[in-house]
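See structure below.
The values are calculated or read from the model by the stated rules, or taken from the named source; none is laboratory data. What you see is a predicted model, and the numbers here were worked out from it, not measured in a lab. All Cβ positions, glycine included, derive from the backbone under ideal geometry; neighbour counts span all protein chains shown. Accessible surface is based on the protein model in full, side chains and every heavy atom, while ligands, DNA and RNA are left aside. Shrake-Rupley method; radii C 1.70, N 1.55, O 1.52, S 1.80 Å.
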Amino acid sequence: MEIEKGQVALVTGASRGLGVEIARQLAQRGLDLVLAARSAAALDAVAADLRAASGRRVRTVATDLADLGALEALAEAAGPIDILVNSAGIEGAQAYDERSAAEIAQTIAVNLTGPMLLTRAVLPGMLARGRGYIVNIASVAGLVAVPFNEPYSATKFGLVGFTRALRMTAQASGWPVSASAVCPGFID
């Protein structure tokens, strides 16, 4: 899918880090944005900066991707989108035996279940409009295991596998929608 001015991109994890930079680059290319993250104040600050720098329409939706019910609400609030960038993620080095069950479950929810279910929520609209692209921000840790980061590695391996399978399904089905996984190294 070609990126064209006026298209709309939904970017998760857009309150800091890589999500902000992805949103900035998309705005500079003429896309309107829907930014999602947990922190409303941080999202609003990013949105204001992007509006001022690009003149593009930027909306925000404060949401927790670990909340399965919030994903459908996010897709509904975003409206028709052309590009979904699943950028939100949780990472933190720690010995596995020191991690709580809740921490592991939250990492899985945000890094893997959230992107899969958000993709499921936006895909019907993309198919109906005859265009769409899903970009999943995985990690090099999804290609090569990383010690002291088992939940993160497992979810990023899962996200890479999900993306590859989704792309194959799209090709086999003749969908006008596709997907890619991006696997950066560790960054601030």
| query | With springs only between Cα atoms under 10 Å, which of 119, 63, 169 fluctuates most in a Gaussian network model of the chain? | reply | 169
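In debye to the nearest 20, how big a dipole does region 1-47 give about its Cα centre with +1 on each Lys and Arg Cβ and -1 on each Asp and Glu Cβ?
Details: 5 positive and 5 negative charges, 31 e Å.
The calculation lands at about 160 debye.
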| task | Rounded to whole Å and ordered largest first, report the semi-axes of the equivalent ellipsoid of the chain derived from its Cα gyration tensor (root of 5λ). | result | 26, 20, 15
| task | Mark the label point 7 Å from the Cα of residue 49 along Cα→Cβ and return the residues of region 8-22 whose backbone N is within less than 12 Å of it. | result | 14-22
| query | What accessible surface, in Å², does a 1.4 Å probe find on residue 96, ignoring ligands, DNA and RNA and rounding to the nearest 10? | reply | 120
| query | Ordered by residue, what ³J(HN,Hα) values in Hz, to whole numbers, does region 35-50 give under the Karplus form 6.51 cos²θ - 1.76 cosθ + 1.60, where θ = phi - 60° and Gly and Pro are x? | reply | 9, 10, 5, 6, 8, 4, 5, 5, 4, 4, 5, 4, 4, 4, 4, 5
| note | Carbon/sulfur accessible area of region 61-184, % of total, 1.4 Å probe, equals 61
| Could you give me the ³J(HN,Hα) list for region 65-81, computed from phi with Karplus coefficients 6.51, -1.76, 1.60 and θ = phi - 60°, whole Hz, x at Gly and Pro? | 5, 7, 8, 4, x, 6, 5, 5, 5, 5, 4, 5, 5, 5, x, x, 10
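Which value, in Å², gives the accessible area per residue of region 61-167 when a 1.4 Å probe is used on the protein heavy atoms? Walk me through the numbers on the way to the answer.
On the way: 4650 Å² over 107 residues.
Each residue of region 61-167 exposes 43 Å² on average to a 1.4 Å probe.
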| said: If I ignore ligands, DNA and RNA and count only protein heavy atoms, how much of residue 59 is accessible to a 1.4 Å probe, in Å² to the nearest 10? | reply: 70
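Placing unit charges on C-beta atoms (Lys and Arg positive, Asp and Glu negative, everything else neutral), compute the dipole magnitude of the chain about its Cα centre in debye, rounded to 20. Provide the component values of the computation, followed by the final result.
Details: 16 positive and 17 negative charges, 139 e Å.
In total the dipole reaches around 660 debye.
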| note | Taking only protein heavy atoms and a 1.4 Å probe, the highest-to-lowest accessible-area order of 56, 120 is 120, 56
| query | Quick one: how many Å² of residue 157 are accessible to a 1.4 Å probe, rounded to 10? | reply | 90
| task | Rank 105, 88, 14 by mean-square fluctuation in a GNM of the chain with C-alpha springs under 10 angstrom and give only the top-ranked residue. | result | 105
| Taking springs between alpha-carbon atoms closer than 10 angstrom, which of 128, 78, 165 fluctuates most in the Gaussian network model of the chain? | 128
| remark: Any residue on another chain or 5+ positions along whose placed amide H is under 5 Å from the amide H of residue 58 is listed here as 33
